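The values are calculated or read from the model by the stated rules, or taken from the named source; none is laboratory data. Keep in mind that this is a model prediction, so the values were computed, not measured. Glycine also receives a Cβ, built like all others from the backbone with ideal geometry; neighbour counts cover every protein chain displayed. For accessibility, only protein heavy atoms count, side chains too; no ligands or nucleic acids. Shrake-Rupley method; radii C 1.70, N 1.55, O 1.52, S 1.80 Å.
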Amino acid sequence: MNVICAYTVNLDEVCNVQAQDLSRLMPPGLSSKEMEVELKGSIARMEDLISSLLFCMREGSGAEILIESPALASQIKEAFSWKSRLGGNAGIMANVLAHLGANPTLNAPALGPSLAAMLHPGVRIPFSGALAEPRRVAEEMQDSAEPVHFVFQFRRGMEVLIGRDRFTVPQDNRFIASYDPINTSLKSSRDFDSYCQENISQYAGALVSGFHLVPLQKYREIFGEKMDQLRSWKQSNPNLFIHLELGSFQSPQIMSYLLNLLHKVPIDSLGMNEDELRAAAGLLNVSTAMTPPGSLQESILAADRLQDKTGIFRVAIHTRDYILSIMKEGRISAQDELSALQNGADAAASLAACGSIGAAPPAQFNERGLLAAAELRRQGADCLGRGAMLHSGGRIVSLAPARQASQPLITVGLGDTATASIFFREVGTIKGNFIPA
């Protein structure tokens with residue numbers, strides 16, 4: 001199975017945040033009120049980083065914010081202890097697909113030896129009219145500056161003291177700070193553009209992402225270029241299955257513009273987390289006033305309305321508790337979709353608990369996820385394993401509970417891992433060439 005993975009790949013410098021890391025960077029005697037703990041629009045100084053990080057830790061939420069200057073990026077790098085990992089939606093998804101046996105073609109316009117060494121040997125990069133191994137491309141791209149994102153992981157239960165104020169982190173999550181002109185422009189290499197266009201008939205699907213990184217100053221131009229590329233792929237290969245993954249956008253205005261483009265672009269599937277679903281629903285004036293906030297009913301209703309407004313075949317939401325999809329009937333059976341969701345949940349749990357999707361997933365399931373599946377079954381859904389699938393008004397609602405990683409080693413890239421695993425099984429089912437393991 002040949003799959004395109006675009007547009008972002010980078011190094012993630014990962015830090016497991018400790019309370020003392022924050023204390024030494026703040027003036028003594030500072031309180032949270034003086035600190036103005038809030039999520040900033042961008043990071044122009046170290047105080048903006050600390051404020052945004054503390055906000056995410058206090059709320060147990062995730063976010064991704066851009067750093068305004070290379071000098072500040074260097075200052076942040078020096079202030080913490082880091083461990084390097086592969087990052088970028090496209091890079092992570094390409095590695096997962098290669099591990100599963102697919103043939104991913106990755107856009108990598110700035111590839112150095114560190115990044116190349118982290119890519120799976122089965123990943124291929126278009127170079128000089130052909131597909132090449134990452135290490136060979138890195139050798140040819142001598143002195144290529146690799147984009148770096150700073151990932152701050154934090155754990156549930158950590159106590160944080162800011163001056164006289166104290167709070168406890170409610171759940172595991174991560175905050176990402178990035179200085180990355182390559183990926184914020186969704187840059188693609190000429191080799192990638194020409195190779196994919198010339199060989200598009202050989203591809204079964206495309207996973208596209210990274211649109212959330214584009215800054216306010218240039219999003220219209222960049223989105224226009226990338227949507228033109230997707231249209232050209234689909235025109236040349238109408239059977240290409242395209243999934244677009246959202247993210248934490250720099251501005252609601254950017255997300256709104258992208259969502260309003262979707263009915264004009266041949267996207268088949270749209271993915272996001274629960275925070276992104278809520279933001280999208282608000283921007284499209286999707287009312288969920290009659291359902292409890294944060295409930296399964298709210299998520300299903302919001303996804304239904306989002307699907308109606310965009311015309312997309314499938315909308316999927318990955319949360320800590322479960323993975324949910326709403327799709328139109330006709331292309332993928334309910335059993336195949338739920339099986340795909342369960343495989344995605346297992347892959348993400350294996351990565352979180354063991355650091356590898358090849359490891360056995362944790363045996364325990366998320367309790368709230370099991371309750372959500374039981375709730376869907378009470379509405380008439382059928383069972384498959386721990387999950388549930390419901391036919392309703394020409395739609396198929398599928399839900400797979402997440403597994404519980406009690407002491408996660410990794411919190412970043414879990415959604416991308418689940419998405420790529422699900423995509424692999426869905427496309428294989430659509431093409432009729434999937435053989436269960």
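Below, the figures for the structure above:
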item: Segment 188-263: trypsin sites (Lys or Arg not before Pro) in DSSP loop, at most 16 other beta carbons within 10 Å; result: K218
item: Extension gain (nm, one decimal) between E375 and S236, 0.36 nm per residue minus Cα-Cα; result: 45.7 nm
item: Prolate/oblate/rounded call for segment 325-426, Cα gyration tensor, a/c under 1.5 rounded; result: oblate
item: Antiparallel %, DSSP beta bridges [both residues in the chain], to 5; result: 55
item: Pair A19, R136: separation of 7 Å Cα→Cβ label points (nm); result: 5.4
item: Where labels lie 7 Å past Cα in the beta-carbon direction, separation of L161 and R220 in nm; result: 5.2
item: Positive-end extreme of charge dipole, segment 216-289 - chosen from F241, G224, M255 (charges on Cβ); result: G224
item: Cβ-placed point charges (K, R +1; D, E -1), dipole of segment 226-350 about Cα centre in debye, nearest 20; result: 480
item: Two-decimal log10 I(q)/I(0) for segment 191-305, as the Debye equation yields it once each C-alpha is a single scatterer, q = 0.14, 0.17, 0.23, 0.24 Å⁻¹; result: -0.64, -0.88, -1.29, -1.36
item: Which label in [x] 136; [y] 126; [z] 188 gives the computed volume of the Cα convex hull per residue in Å³; result: [x]
item: Volume in Å³ per residue [convex hull over Cα atoms, computed for segment 274-363]; result: 115
item: Charge-dipole axis of segment 332-413 as Lys and Arg at +1 and Asp and Glu at -1 on Cβ define it, positive-most pick from S350, A340, A381; result: A381
item: Gyration tensor (alpha-carbon) shape descriptor, segment 93-151, a/c threshold 1.5; result: oblate
item: Highest-first arrangement of 368-374, 101-107, where packing means the average Cβ count within 10 Å; result: 101-107, 368-374
item: Shape of segment 369-437, Cα gyration tensor, a/c cut at 1.5; result: oblate
item: Rg/Rh for segment 39-133, where both radii come from Cα atoms and Rh is the Kirkwood radius; result: 1.08
item: Solvent-accessible area per residue for segment 121-259 (1.4 angstrom probe, square angstrom); result: 45
item: Spatial separation of Cα centroids for segment 208-248 and segment 399-423, in angstrom; result: 24
item: Equivalent ellipsoid semi-axes, segment 51-100, via Cα gyration tensor eigenvalues times 5, rooted, Å; result: 26, 17, 11
item: Pairs from K83/K234; K77/K309; K40/K328; K40/K309 whose Cα-Cα separation, in the structure shown, is over 32 Å; result: K83/K234; K77/K309; K40/K328
item: Estimated 222 nm signal from helices in the chain, with DSSP H stretches of n ≥ 4 weighted -39500 (n - 2.57), rounded to 500; result: -12000 deg cm²/dmol
item: Percent accessible area from carbon and sulfur atoms, the chain, protein chains only, probe 1.4 Å; result: 47
item: Average accessible area per residue (Å²) across segment 324-437 - probe 1.4 Å, nucleic acids and ligands excluded; result: 42
item: The chain, dipole about Cα centre (Lys/Arg Cβ +1, Asp/Glu Cβ -1), debye to the nearest 20; result: 600
